[in-house]
Amino acid sequence: MISLQLILADAAPSGPQAAGWQTMLLIFAGIIGLMFAVRFLGLYLAATHPEPLDSLKPALVLEPTIEPKILAVIAATVSQMIPEPHRLLAVKKAPSVESLMQQWSMEGRRAIYSSHHFR
């Protein structure tokens, strides 16, 4: 009867194959350690070097092409539709018809090119 110890000894890799796995695990451990070091360094720098107030974005972003009357109508409509307290962050114009048609033509070209198969 073959003992369990001999079977386990035969199953365990030895020589260069075992060293390869150990080296790979050591490299992965080094990469993980480096990732944690970079993360903690970033947290430390964020805590010790706060962002200046001048670089903060304003709460309401207005595009210069929107008239104040239009903005007032949009704000009134939103306040009637949403009963909870809210804040408008941005108002953007809808895309033009020309840009929408360009997107359709690009999609058509993509469909044609994807139907071609190279041999």
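Annotations for the structure displayed:
- Test: residue in segment 50-67 that is modelled with pLDDT of 85 or more and not aromatic (Phe, Trp, Tyr): no
- Hey, Ala75 in contact with a Leu (Cβ under 9 Å, 6 or more places away or on another chain), aliphatic (A, V, I, L, M) and exposed (fewer than 10 other Cβ atoms within 10 Å of the Cβ) or not: no
- Pair list, Cβ < 8 Å and 6+ apart or interchain, from segment 87-107 residues that are under 24 Å from Ala72 (Cβ atoms) to residues that are assigned to a loop (DSSP other than H, G, I, E, B) and among the polar types (S, T, N, Q): Lys93/Thr65
The values are calculated or read from the model by the stated rules, or taken from the named source; none is laboratory data. Because the structure is predicted, anything quoted here is derived from the model rather than measured. Cβ sites come from the backbone with ideal geometry, for glycine too, and all protein chains shown count toward neighbours.
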